[in-house]
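The values are calculated or read from the model by the stated rules, or taken from the named source; none is laboratory data. None of these values were measured; they are calculated from a predicted model. In this analysis, Cβ positions are derived from the backbone assuming ideal geometry, glycine residues included, and neighbour counts consider all displayed protein chains.
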Amino acid sequence: MAIHPRKSGTLRSAADLVAAGLLPPAAAAMAERVGQAYAVAITPTLAALMDPADADDPIARQFLPSGAELETTPEERPDPIGDAPHSPVPGVVHRYPDRVLLTPLLVCPVYCRFCFRRARVGDADGTLGPDEMEAALAYVAEHTELREVIVTGGDPLMLPPGRIAALVGRLAAIPHLDTIRFHSRIPVADPGRVGESLVGALRSVPGGPAVWLAVHVNHPRELGDEARAALARLADAGVPLLSQTVLLKGVNDRVEVLEALMRALVRHRVRPYYLHHPDLAPGTRHFRPTIAEGQALVRALRGRLSGIAQPTYVLDIPGGAGKVPVGPVYWNGAEATVVDPWGTGHSYSE
Ligand SMILES: *Cc1c(COP(=O)(O)O)cnc(C)c1O
Ligand code: SF4
């Protein structure tokens with residue numbers, strides 16, 4: 001499937017995408033318009049996984065600009081999960097009592113066409129300057145109720161490994177923190193960056209807070225040889241690995257695809273964590289299944305997969321009220337029955 005050169009750099013313009021054979025020349029004007037509204041980037045690793053001959057290719061669908069992105073529906077909004085109203089200082093989002101998001105930058109290796117922060121990502125000005133980073137760290141240090149810092153963005157593993165190590169060191173010196181959790185797409189999008197220095201920066205120090213990594217993966221084909229090797233380097237270094245998957249129409253909204261993905265994750269020492277219902281980000285209607293469709297998929301997965309391979313299906317409530325599980329309910333209190341994964345009810349008396 002590697003039909004274009006692997007050595008070239010990240011594809012960013014409509015002309016790059018056409019030259020790489022990923023878009024027909026007739027789509028260049030559309031791609032340019034989309035690119036003016038939302039950041040575009042495709043790494044060589046992901047470009048090589050695409051099959052432009054397949055109109056329904058699940059990798060291409062996630063990253064290639066589409067004219068459908070220019071249509072915004074009334075319920076969509078630029079800040080779908082309400083980051084802004086919960087941001088006490090730049091780069092910090094504090095929604096839950098025990099944990100905060102820290103966003104050192106808003107740059108990603110690849111731009112997902114369904115991104116929940118698509119109105120903000122891709123902006124190099126979103127990188128925290130030294131003073132802003134000090135203010136963010138001071139906020140975490142002052143709020144002694146915090147136990148966990150979730151370093152996200154953008155993609156925090158785009159920072160040079162030395163800066164990541166320095167950030168982990170600063171956070172590790174805050175005595176009330178138990179956990180530092182990174183969220184990243186790098187192991188899939190640009191696995192070559194997961195070298196000794198990056199792995200070293202993520203290794204927990206004995207006695208210090210635990211450093212976890214949640215990897216964003218949506219389709220089993222994203223776990224190619226290079227991505228698997230990157231995950232193995234992280235797991236071998238003792239970095240606990242979680243996954244996040246966005247449930248996406250035309251990408252992974254079939255039970256066979258989700259099953260293969262969750263199996264592949266566990267096979268590569270990644271514990272499936274969340275299956276996200278897509279957020280109401282602008283121009284992403286074409287990616288959103290209904291919640292009822294998502295529940296049917298999750299119910300089917302329950303009948304097919306090991307417990308350690310089951311993600312929690314969650315919705316981030318629009319506006320900033322937080323994430324809640326929206327998976328199927330198996331317990332019917334009125335009838336005192338429990339439904340098994342194959343749909344049969346069983347009585348259960350308490
Ligand atoms: C998603 C999110 C978290 C993390 O939530 P978990 O359920 O712990 O994964 C924390 N803070 C904010 C503001 C979030 O949006
Ligand atoms: S990696 Fe995450 S933050 Fe970056 S574009 Fe994709 S969904 Fe958005």
Residue in the stretch 322-345 that is buried (at least 16 other Cβ atoms within 10 Å of the Cβ), modelled with pLDDT of 95 or more and aromatic (Phe, Trp, Tyr) present: no
All positions within the stretch 290-321 that are surrounded by fewer than 18 Cβ atoms within 10 Å (Cβ to Cβ) and farther than 26 Å from residue 96 by Cβ: 290, 292, 293, 296, 302, 303, 304, 306
Residue tally, condition under 21 Å from residue 304 (Cβ atoms) and in contact with a His (Cβ under 9 Å, 6 or more places away or on another chain), over the stretch 327-343: 3
Whichever residue in the stretch 179-197 is surrounded by fewer than 23 Cβ atoms within 10 Å (Cβ to Cβ) and either farther than 21 Å from residue 112 by Cβ or of a type in the set (Ser, Thr, Tyr) (or both) and, among such residues, is farthest from ligand 2 (Cβ to nearest atom): 196
Unmet criterion (only one of (1) touching a residue at least 40 places away in the same chain (Cβ under 8 Å); (2) out of contact with any Lys or Arg (no Cβ under 8 Å at 6 or more places or on another chain); (3) away from ligand 2 (no atom under 16 Å from the Cβ); (4) in a helix (DSSP H, G or I)) for residue 253: (4)
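Mind listing whichever residues of the stretch 240-250 are crowded, with 21+ Cβ neighbours inside 10 Å and not in a loop (DSSP other than H, G, I, E, B)?
Passing the criteria: 243, 245, 246.
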Candidate set from the stretch 330-350 (those that are assigned to a strand (DSSP E or B) and not aliphatic (A, V, I, L, M)); member that is farthest from residue 279 (Cα to Cα): 347
Subset of the stretch 198-222 (residues that are buried (at least 18 other Cβ atoms within 10 Å of the Cβ), at pLDDT 95 or above, farther than 16 Å from residue 159 by Cα and more than 16 Å from ligand 2 (Cβ to nearest atom)): 209, 211, 212, 220, 221
Residue 2 being modelled with pLDDT under 95 and either surrounded by fewer than 13 Cβ atoms within 10 Å (Cβ to Cβ) or in a loop (DSSP other than H, G, I, E, B) (or both): yes
Considering residues of the stretch 105-120 that are touching a residue at least 60 places away in the same chain (Cβ under 8 Å) and within 15 Å of ligand 1 (Cβ to nearest atom) only, the residue surrounded by the fewest Cβ atoms within 10 Å (Cβ to Cβ): 116
Tally, over the stretch 32-59, of residues that are surrounded by 23 or more Cβ atoms within 10 Å (Cβ to Cβ), closer than 23 Å to residue 288 by Cβ and out of contact with any strand residue (DSSP E or B) (no Cβ under 7 Å at 6 or more places or on another chain): 3
Near pairs, Cβ below 9 angstrom, 6+ apart or cross-chain, from the stretch 271-283 (free of Cβ contacts under 8 Å to residues at least 40 places away in the same chain and of a type in the set (A, V, I, L, M)) to any residue that is in a strand (DSSP E or B) and within 10 Å of ligand 1 (Cβ to nearest atom): 275/244; 275/312; 275/314
